[in-house]
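Please read the structure below before turning to the comments.
The values are calculated or read from the model by the stated rules, or taken from the named source; none is laboratory data. As the structure is a prediction and not an experimental result, all values here were calculated from the model. Don't worry about glycine lacking a Cβ; one is built from the backbone with ideal geometry, like all the others, and counts go over all protein chains shown.
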Amino acid sequence: MAKTQFDRHRRLRNSSVMRRFVRETDLKVDDLVYPLFVVEGENIKNEVSSMPGVFQVSLDHLDEEVEELLSLGIPSILLFGVPKEKDEVGSGAYDPNGIVQLAIRQIKQKTDQLLVIADTCLCEYTSHGHCGVIENQDVDNDKSLPLHVKTAVTQAEAGADIIAPSNMMDGFVAEIRKGLDESGFKHIPIMSYAVKYASAFYGPFRDAAESTPQFGDRKTYQMDPANRLEAMREAASDIEEGADFLIVKPALSYMDIIREVKNQHPVPVVAYNVSGEYSMVKAASLKGWIDEQAIVLEKLTSMKRAGADIIITYFAKDVAKWLQNK
Ligand code: PBG
């Protein structure tokens, strides 16, 4: 028998105030983390060619960045370092006076209104561009761990509010947790890059951070984009080892993973809207092919709908401005 009655879904869409009233997901400035590349040297503000609007900045430009974030109400910054010198073991990453450690101290001296997240990795500091120590042409897991621990501890000593290890070694959360606890940093949370895929979407970041691997790729430590169950195992290990936040990265192509991680783990889930996702939008909008603001707000809202509580994005400043004008 044909159905004579049907649901009137459009009733709840019939005015903008009604749509506001029934909206399920809200993107807020409090959700945002702004990634910043701090570079050794003086008076540097270099635009990254593949990421228009994103700059490598030296410490003498850091205060301006911080003031801008504060004025926009953005609660958090994620720091990446670009050192002058690199070596086999990435010693710049755990130098107490390394570029990120100096940047953290400088920000902390200026304000307590900005959460400083330190990316804990070696790839920007190693001559070969890999995220650990090389043995037999591959990254040696257990030899790399102590260097990641040292990096995290020096970042905490400098005043980092959150440690975000992105190296994808097995056991990195357990070891870093232990290292932080033993050094008096029991109170410092770990935001783990728990689910990090070996993704082509990181290409522009590697220009910005000057961290392209000099041989091979990262597929023996970052995950295969085809895998879902493995992501659940990665997330479970990190929770077991003491992670306080879980990052899923990249975001856009991995919305299913964001949702599943959120369903399984009652911790804040972080989506990393990565460099390639940024560059694609920028390129198309510079060509006049898309409406940048509408596209970015739609994408980030979708990440929240998928289950992200927090979003790391190079668009953070733009989004904060757009939300103010809404
Ligand atoms: C370091 C690191 C990377 C990103 C964040 N931390 C690069 C990589 O693994 O090659 C990528 C971020 C982005 O693409 O925006 N391990």
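Key figures for this structure:
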{"read-out": "Criterion (away from the ligand (no atom under 16 Å from the Cβ), under 22 Å from residue 28 (Cα atoms), surrounded by 16 or more Cβ atoms within 10 Å (Cβ to Cβ) and of a type outside the set (Asp, Glu)) met by exactly one of 274, 248, 261", "value": "261"}
{"read-out": "Any chance residue 14 is under 28 Å from residue 125 (Cβ atoms) and surrounded by fewer than 18 Cβ atoms within 10 Å (Cβ to Cβ)", "value": "no"}
{"read-out": "Residues of segment 55-85 classified as surrounded by 14 or more Cβ atoms within 10 Å (Cβ to Cβ), touching a helix residue (DSSP H, G or I) at 6+ places or on another chain (Cβ under 7 Å) and either at pLDDT below 95 or within 19 Å of residue 112 (Cα to Cα) (or both), total", "value": "10"}
{"read-out": "Residue in segment 205-216 that is crowded, with 21+ Cβ neighbours inside 10 Å and touching a Phe, Trp or Tyr at 6+ places or on another chain (Cβ under 7 Å) present", "value": "yes"}
{"read-out": "Single residue of segment 183-214 satisfying the filter (assigned to a helix (DSSP H, G or I) and near the ligand (Cβ under 9 Å from one of its atoms)) that is farthest from residue 125 (Cα to Cα)", "value": "201"}
{"read-out": "Hits in segment 221-245 (condition: surrounded by fewer than 20 Cβ atoms within 10 Å (Cβ to Cβ) and either small (Gly, Ala, Ser) or within 14 Å of residue 305 (Cβ to Cβ) (or both))", "value": "226, 236, 237, 242"}
{"read-out": "Single match in 249, 196, 262 (criterion: modelled with pLDDT of 95 or more and in contact with a Gly (Cβ under 6 Å, 6 or more places away or on another chain))", "value": "262"}
